[in-house]
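*Asks:* Let me give you the structure first, and then I'll get to my questions.
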Amino acid sequence: MSSVTPPRARDLPGRGFMVGRIVHRQALVFRSAWKGMLFAFLEPIFYLLSIGIGVGALIDEFNYNGQVIPYAEFVAPGMLAAAAMNGAIFDATYNFYSYLKFDKVFEQWLTTPMSTMDLAAGQVAWTLVRGGLYSGIFLVVMLAMGLVSSWWAVLALPAAALLTATFAAIGMAATSFMRSWQDFDFVNLLVLPMLLFSGTFFPVTELPGAVRWVVEFTPLYRGVVLCRELSTGALSVASLVSVVYLVALLGLGLVVVRRRLDRLLLT
């Protein structure tokens, strides 16, 4: 009588392999559905053209961190951060919920040697690919329109990637608590005000004190500050604060996602 010997832990594929398989699977899905995702990519470009260029034509000059820059150059990094956010939102909320509650995709993946941490890391890695695509193309648009004035801008793409990963982690963490599709009204309720008031179109110093305090704790605001200071070269300690804050949120989000997936799928 033959017996089946379970594989030893050291013989199992590593996390990098697992994450790579998830990214490959998601890329195949994205390839067949990319047309439906164009709006999330084009939205920041439309805002840049209508408000940054259109309204900017009525503004002679704009002071940012002691530098006088065109208004469009102020708005463009904000839209770069918005593109990075858009790259994460759909996969981290709607798709994540569908996989978790209806399609049972995560349960299928867990029949393989994957762990819940592999699932979380794989989803974040995929949003990095998608967000990187959105952000990278938008950065090329900024360069083509002459809206980048510093070599520090080469770091704007990794900054946008950090913002995408942060939104992916906290988005999945929040979605794991969703009870039905009606709860997704909160996503729109949060995302649109963040887009409009996180320093994207005007300085947060124009906001009332309490509102400004709340805005400065949002991840999009920290991402806008980071991308704007890098693209203009007007660096300050605010960039370092933003990096530390976003990394902390990313780590917290991943921990929460793993614990929630453990509870929802393994118990």
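*Asks:* Of the residues 139, 80, only one is in contact with a Cys (Cβ under 8 Å, 6 or more places away or on another chain) and at pLDDT 90 or above; which? Step through it out loud before you land on a result.
*Replies:* Values: 139 fails: in contact with a Cys (Cβ under 8 Å, 6 or more places away or on another chain).
Of 139, 80, the one residue that is in contact with a Cys (Cβ under 8 Å, 6 or more places away or on another chain) and at pLDDT 90 or above is 80.
*Asks:* So, of the residues in the range 172-209 that are open to solvent by 60 Å² or more (accessible area, probe 1.4 Å) and in contact with a Lys or Arg (Cβ under 8 Å, 6 or more places away or on another chain), which turns out to be modelled with the lowest pLDDT?
*Replies:* 205
*Asks:* So how many residues does the range 26-44 have that are closer than 21 Å to residue 139 by Cα, at pLDDT 85 or above and surrounded by 17 or more Cβ atoms within 10 Å (Cβ to Cβ)?
*Replies:* Number of matching residues: 1.
*Asks:* Which numbered condition trips up residue 166, out of (1) polar (S, T, N, Q); (2) open to solvent by 30 Å² or more (accessible area, probe 1.4 Å); (3) modelled with pLDDT of 90 or more?
*Replies:* (2)
*Asks:* List the helices (runs of 4 or more DSSP H) that sit entirely inside the range 170-235 and contain at least 1 residues that are among the hydroxyl-bearing types (Ser, Thr, Tyr) and over 17 Å from the mean Cα position of the chain (by Cα). Spell out how you get there, then give the answer.
*Replies:* Details: elements: 185-197, 209-215, 219-232.
Per the criteria, 219-232.
*Asks:* Only one of 124, 154 is surrounded by 23 or more Cβ atoms within 10 Å (Cβ to Cβ) and either under 22 Å from residue 242 (Cα atoms) or free of Cβ contacts under 8 Å to residues at least 40 places away in the same chain (or both). Can you tell me which? Before the answer, list the steps.
*Replies:* Numbers: 154 fails: surrounded by 23 or more Cβ atoms within 10 Å (Cβ to Cβ).
One residue alone meets the criteria, 124.
*Asks:* Looking at the range 210-247 only, could you name the residues that are open to solvent by 60 Å² or more (accessible area, probe 1.4 Å) and either farther than 24 Å from residue 153 by Cβ or among the polar types (S, T, N, Q) (or both)?
*Replies:* Just the residues of the range 210-247 that are open to solvent by 60 Å² or more (accessible area, probe 1.4 Å), to begin with: 210-214, 217, 235, 237, 240-241, 244-245, 247.
Within the range 210-247, 210, 211, 212, 213, 214, 217 qualify.
*Asks:* Here is a further query. Check off (1) over 21 Å from residue 91 (Cβ atoms); (2) in contact (Cβ under 8 Å) with a residue 60 or more places away in the chain; (3) hydrophobic (A, V, I, L, M, F, W, C) for residue 256 and give me the number that stays unchecked.
*Replies:* Status for residue 256: all satisfied but (1).
The values are calculated or read from the model by the stated rules, or taken from the named source; none is laboratory data. Model, not experiment: these values are computed from the prediction. So basically every Cβ, Gly included, is an ideal-geometry build from the backbone, and we count neighbours across all protein chains shown. Quick note on the areas: whole protein, heavy atoms, side chains included, nothing else; ligands and nucleic acids left out. Shrake-Rupley method; radii C 1.70, N 1.55, O 1.52, S 1.80 Å.
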